[in-house]
Amino acid sequence: MAVEALGTASRAKVAPWNDPVVRGWVFQIVVVGLVAGLAWYLVSNTIENLARQKIASGFDYLGREAGFEIGDTMIEYSPASTYARAIWVGILNTLRVAVLGIILSTILGTLIGVGRLSPNWLLSKICEWYVEAFRNVPLLLWLFLFYKLISEAFPGPRQAIGALWNTVFLSNRGLYFPTPMADLIHKWMGVGLLVGILGAILLHRWARKRQDATGQPFPSISTGFGVALGLPILIWLAAGAPSTMSWPVLKGFNFEGGTVIQPEFTALLVGLVLYTSAFVAEIVRSGILALHKGQSEAAAALGLSRGLAMRLVLLPQALRVIVPPMTSQYLNITKNSSLAIAIGYPDLVASINVTINQTGQAIENILIIMAAYLSVSLSISAFMNWYNKRIALRER
Amino acid sequence: MLNKFLATGIAAAALVGVAGTAHAGKDLDAIKARGSLTCGVPTGVAGFGLADSQGKWVGLNVDVCRAVAATIIGDAEKVKYVPLTAQQRFTALQSGEVDMLSNNTTETLTRDTALGFDFGAVTYYDGQGFMVNKKLGVKSAKELNGATVCVQPGTTTELNLADYFRANKMTFKPVVIEKVEEVRAAFFSGRCDVYTNDSSALYSTRVANVPSGQSPNDYIVLPEIISKEPLAPVMRHGDNQFVDIVRWTQYAMIEAEEYGITSKNVDEMAKSDNPVIKRILGVTPGMGKALGVDEKWVYNVVKQVGNYGESFERNVGKDSILKIDRGLNNLWTKGGLQYAPPIR
């Protein structure tokens, strides 16, 4: 209001070069023009130089045959697949390690953060040492260490360690375990799981509403799990319980059949989780310490058990402090997963690097990789901001 | 983190570097003005390009850089070496970070065209092979179905590997690690059954990189050679004179061997009556002028670096630990493929 009044009042009297509103516009147009000009210069210069050096450009290469093999894929892939598919394999591998890393490091980090506050001297010291050891050594070194440990410590596939009546095998090729043969019913079991989860959420809402209204508690968490897991099992039973298993069998050089967790993936996941949970632990600890002592005393005075006090009183308040910095840690896990290339896990960076090398089209590929990381990071960030808003202090 | 930086670095280098070359003029002028040649070399392949215990770069590929520096600047020591992995090398060359690569790079059509490069003469005729532990009892690459294979990314090796297994209806699992040191470590620790690379690199790895406690004799290189790998220096498009100089410097080293000119006898050879030798060594002027360098260019190269045969035997042949046979890399007069067009 004030500025507007000033602007309209002074416009009549002051020359345009002294008018703050006009000057503001002029400066902004100049700045935007300069930035756009610089961008235009860089882009056009790059395109011109690529053309002059006869370096191919454009995204046509995405449809061409990739020709290289990838060691760890979640979807069907062969050297006859396209570059686009190879990049997609890389994106999925990055997502797999990032999602698992986020979940596991949240759990481990919370345990260690709470453990560091424990009145038990030994436990709190162990947690303290853990934090100091892991966050003060570069992640890359941890990755090398875990990878070396796995590939040096375990025997070759022909001397593999068999466990559980020789159905599970551990060797330097990874952990092989039996899995059910692919069956049409699996898709419906997945649908059942989704429906079950939805049902569990609705059940939990209903239970809370009832408790608010009548004070009658309902064990909605355990029933919820029952509903979510029970539905797919029922579907499986109804389909006649198809139970053909694919067993890992030593054949020639390596095991065939079953499912394998490869050493590169394990080393990367373990490294990321152990490293990041040290940071998560400190965030959790700071969140809990930020609460006034009176909160837990008041909860105890109301007769809440320690578990209930933690779940209903302390954690909701601590989360307000914890969630914003946790977002950064989740983003760090996602971005740090690109260190995979050092130990040979075929993530997005690996796929893109090979593609750059085979096609020579660095700029297009860098754009793809930036877009991929940006969209993953922005999604995480958007989710965490939504969650943060949900748990934020609501003033009434 | 390394890789995030690498990725953004590549992007930045591509933008800034390409923008830079737009105004830098010819590569040759830049080298002369700078007084040194910037040469991309392998990060460490014994015999081909490796910094020795004093930090001095030695190897067959390194000798090409030294010879080019001797031709252009007159001093083989005026080289700045930039060790590059297989992944980094092309971007480094495209962006102008190095003047040339002498880096065990295989000449292919795509690289010569779509990547915007020119190749020099072939430094080493190589072919891809497989190395396995003797304990596996494998005698032929045809028995490798289902094997786990260690390979470096961004190489023709990686593509040939996939092609070979597809052509022979076999499957394999690759373990792909960027740093050659880590690939070797993964192989020697037993993570992979097979290590595949150019056979020269396999012999080099077997002798020079086998971990203590194991012996080179624990490993065999299988007889199959599954590809042609002509290794040649690489220059970017845009300065034909520089490309000519690199190629003719290589020819000069081969030519010198053919006419028996060595680093030891080059001074006496300069007094020879043979018109060919007089022309090569610049006693009869003309060749240097045509190439745009000093008339004594071949004299400088041979005196400071040696002829091709000397360089070969010193780095990878019988005077080295690798003891690789001349084979395809012998002179055409002795049953090999090394053949230089005449300097006249």
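Odds and ends about this structure:
Conditions tested, residue by residue: (1) of a type in the set (Ser, Thr, Tyr); (2) at pLDDT below 90; (3) in the same structural domain as B:Ile177 (by TED's automatic domain parsing); (4) open to solvent by 40 Å² or more (accessible area, probe 1.4 Å).
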position: B:Ala13; (1), (2), (3), (4): no, yes, no, no
position: B:Gly59; (1), (2), (3), (4): no, no, no, no
position: B:Glu77; (1), (2), (3), (4): no, no, no, yes
position: B:Val82; (1), (2), (3), (4): no, no, no, no
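- Here the condition is being part of a helix (DSSP H, G or I), over 24 Å from A:Thr276 (Cβ atoms) and open to solvent by less than 50 Å² (accessible area, probe 1.4 Å); of A:Ala318, A:Ala300, A:Ala309, it holds for A:Ala309 alone.
- Of the residues examined, B:Val138 is not one that is more than 10 Å from chain A (Cβ to nearest Cβ), hydrophobic (A, V, I, L, M, F, W, C), more than 26 Å from B:Arg111 (Cα to Cα) and not in a strand (DSSP E or B).
- Exactly one residue out of B:Val183, B:Val149, B:Val122, B:Val132 is open to solvent by less than 30 Å² (accessible area, probe 1.4 Å) and in a helix (DSSP H, G or I): that is B:Val183.
- Pairing each residue of region A:150-164 that is more than 9 Å from chain B (Cβ to nearest Cβ) and more than 12 Å from A:Leu175 (Cα to Cα) with any residue that is of a type in the set (Ser, Thr, Tyr) and assigned to a helix (DSSP H, G or I), provided the two are 6+ apart or on different chains, yields no C-beta distance under 8 Å.
The rows are residues; the columns are (1) without any contact (Cβ under 8 Å) to a residue 60 or more places away in the chain; (2) open to solvent by less than 10 Å² (accessible area, probe 1.4 Å).
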site: B:Arg236; (1), (2): no, no
site: B:Ile245; (1), (2): no, yes
site: B:Trp248; (1), (2): no, no
site: B:Asn265; (1), (2): yes, no
site: B:Pro275; (1), (2): yes, no
site: B:Ile280; (1), (2): no, yes
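- Annotation note: Cβ proximity below 6 Å between a residue of region B:49-68 that is aromatic (Phe, Trp, Tyr) and a residue that is open to solvent by 10 Å² or more (accessible area, probe 1.4 Å) (sequence gap 6+ or interchain) occurs for B:Trp57/B:Ala51; B:Trp57/B:Tyr81.
- Subset of region B:157-169 [open to solvent by less than 20 Å² (accessible area, probe 1.4 Å) and more than 9 Å from chain A (Cβ to nearest Cβ)]: B:Thr157
- Only one of the numbered conditions (1) touching a residue at least 24 places away in the same chain (Cβ under 8 Å); (2) within 14 Å of chain B (Cβ to nearest Cβ) is violated by A:Pro242, and that is (2).
- Matching residues, region B:186-197, being assigned to a helix (DSSP H, G or I) and more than 7 Å from chain A (Cβ to nearest Cβ): B:Phe187, B:Phe188
- For region A:66-74, the condition of being within 13 Å of chain B (Cβ to nearest Cβ), modelled with pLDDT of 85 or more, part of a helix (DSSP H, G or I) and on the phi < 0 side of the Ramachandran plot holds for none of the residues.
- Residue list for region A:326-343, restricted to those being open to solvent by 20 Å² or more (accessible area, probe 1.4 Å) and free of Cβ contacts under 8 Å to residues at least 24 places away in the same chain: A:Ser328
- Lone qualifier among A:Glu65, A:Glu48 - being more than 23 Å from A:Ser337 (Cβ to Cβ), surrounded by fewer than 19 Cβ atoms within 10 Å (Cβ to Cβ) and touching a strand residue (DSSP E or B) at 6+ places or on another chain (Cβ under 8 Å): A:Glu65
- Residues (within 21 Å of the chain's Cα centre (by Cα), more than 7 Å from chain B (Cβ to nearest Cβ) and not in a helix (DSSP H, G or I)) located in region A:345-379: A:Tyr345, A:Asp347
- Flag: B:Glu295 does not match the condition of being surrounded by 16 or more Cβ atoms within 10 Å (Cβ to Cβ), in contact (Cβ under 8 Å) with a residue 40 or more places away in the chain and assigned by TED's automatic domain parsing to the domain that holds B:Phe117.
- The set of residues in region B:111-150 that are among the hydroxyl-bearing types (Ser, Thr, Tyr) and out of contact with any helix residue (DSSP H, G or I) (no Cβ under 7 Å at 6 or more places or on another chain) comprises B:Thr113, B:Ser140, B:Thr148.
- Identity of the residue in region B:214-224, in a loop (DSSP other than H, G, I, E, B) and either of a type outside the set (Asp, Glu) or touching an Asp or Glu at 6+ places or on another chain (Cβ under 9 Å) (or both), that ends up least open to solvent (accessible area, probe 1.4 Å): B:Leu222
- Qualifying positions in region A:145-169 - open to solvent by 50 Å² or more (accessible area, probe 1.4 Å) and not in a loop (DSSP other than H, G, I, E, B): A:Leu145, A:Lys148, A:Leu149, A:Glu152, A:Ala153, A:Arg158, A:Gln159, A:Ile161
The values are calculated or read from the model by the stated rules, or taken from the named source; none is laboratory data. Please read all numbers here as calculations on a predicted model, not as lab measurements. Ideal geometry is used to build each Cβ from the backbone, glycine not excepted, and the neighbour counts take in all protein chains shown. With ligands, DNA and RNA removed, areas are computed over all heavy atoms of the protein, side chains included. Shrake-Rupley method; radii C 1.70, N 1.55, O 1.52, S 1.80 Å.
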